[in-house]
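Below is one structure; the comments refer to it alone.
The values are calculated or read from the model by the stated rules, or taken from the named source; none is laboratory data. Keep in mind the model is a prediction, meaning the values are calculated, not measured. Note: ideal-geometry Cβ built from the backbone for every residue, glycine included; neighbour counts use all protein chains shown. Areas reflect the complete protein model, heavy atoms only, side chains present, ligands, DNA and RNA absent. Shrake-Rupley method; radii C 1.70, N 1.55, O 1.52, S 1.80 Å.
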Amino acid sequence: MNAIRPQPGDALIIVDVQNDFVPGGALAVPRGDEVIPVINALSRRFAQVVLTQDWHPAGHFSFASAHPGKQPFEVIPTLHGPQTLWPDHCVQGTRGAALHEGLEVTPARLLIRKGMNPALDSYSAFFENDRAAVTGLGGALRELGVRRVFIAGLATDFCVKFTALDARRLGFEALVIGDACRGIDTQGSLEVAWKEMALAGAGRVNSAEIA
Ligand code: VGL
Ligand code: ZN
């Protein structure tokens, strides 16, 4: 096994480790809490650490409750492609939206909030789901001299995946830390996600490989 040593041009992006995404939360990712010790053991080794936080206004477009007659996990067509409808989750200022108290946040330089546009969902740490509106993270990482991003957190098949795809689109090297992520896995989405990430040139590593 080849050890990967974090370099000055590397960043760790910790995606959406929030109360609503762990067991007991409104949109619980199965075993989502298991990523926390894995991420905590890694984050101090990175010169640049970024947190993301799903941060929706009440009544957000991605909530099934905003679409009469629709149930969570149904998929509807939109201008920007299919949209999975979710249970209400990560509403700004609620306990569910807070970062998990077990997550070590001290090493983090930046916190990127996303999903704030009431009419548009936002999975990626870089762009909203129209693939055009930016969060600012791409420019920030460039200015910080980052060339390679490591991605961990929740959920593998949504926010982690789109963060990895957009990192590649922006020209960053991208490595997804498999054992530091967990997926929602609706309608086969987890297997598809790993395939799409591989096709986009995002690598998959294990936390034990990061020395
Ligand atoms: C996420 C669904 C809805 C995620 C966020 O963090 O992967 N998934 N909002
Ligand atoms: Zn969300």
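Label positions at Gln7 and Arg45, each projected 7 Å from the Cα along the C-beta direction, are separated by 1.6 nm. Dipole size of the chain about its Cα centre, with +1 on Lys/Arg Cβ and -1 on Asp/Glu Cβ: approximately 560 debye, rounded to the nearest 20. Scanning residues 5 or more positions from Ala174 or on other chains, those with amide H under 5 Å from its amide H are Val149, Gly203, with H placed 1.01 Å from N in the peptide plane. Among Val49, Gly93, Pro77, pick out the residue whose Cα is farthest towards the positive end of the charge dipole of the range 10-209, where Lys and Arg carry +1 and Asp and Glu carry -1 on C-beta, about the Cα centre. Going by the Cα projections, it comes out as Val49. Where only DSSP H runs of four or more residues are counted, the chain gives -5000 deg cm²/dmol as its mean residue ellipticity at 222 nm, each run worth -39500 (n - 2.57). Residue ranges 79-92, 172-185 sort as 172-185, 79-92 when ordered by packing (mean number of other C-beta atoms within 10 Å per residue, highest first). Would the range 10-148 count as rounded, prolate or oblate if I go by the C-alpha gyration tensor, calling it rounded below 1.5 in a/c and otherwise prolate when a/b exceeds b/c, oblate otherwise? Oblate. Inter-label distance, His67 to Arg31: 3.0 nm, where each label sits 7 Å from its Cα along the C-beta direction. The distance between label points at Thr186 and Leu111 comes to 2.6 nm (points 7 Å beyond Cα on the Cα→Cβ vector).
Summing Lys, Arg as +1 and Asp, Glu as -1, what charge do residues with Cβ under 15 Å from the Cβ of Thr94 carry, Thr94 excluded? Overall, the nearby charge balance is -3.
Farthest towards the positive end of the charge dipole of the chain, among the residues Leu175, Gly9, Ala28, is the Cα of Gly9, using unit charges on the Cβ of Lys, Arg, Asp and Glu. Accessible surface ranking for Thr156, Thr78, Thr106, 1.4 angstrom probe, highest first: Thr106, Thr78, Thr156. Highest mean first, the peptides 93-101, 158-166, 68-76, 124-132 sorted by other C-beta atoms within 10 Å per residue fall in the order 158-166, 124-132, 93-101, 68-76. Seen from Val192, the other residues with C-beta closer than 12 Å to its C-beta sum to a net charge of -2, counting Lys and Arg as +1 and Asp and Glu as -1. Counting 0.36 nm for each residue step from Arg147 to Glu173 and taking away their Cα separation leaves a gain of 8.7 nm. Straight-distance candidates among the lysines for linking to Lys70, with alpha-carbon spacing under 28 Å and chain neighbours fewer than 8 residues away dropped: Lys114, Lys161. Near Asp157, once Lys and Arg are set to +1 and Asp and Glu to -1 for all other residues with Cβ below 10 Å from its Cβ, the sum equals -1. In whole Å, how far is the Cα centre of the range 39-95 from that of the range 194-208? Here the two parts' Cα centres lie 22 Å apart.
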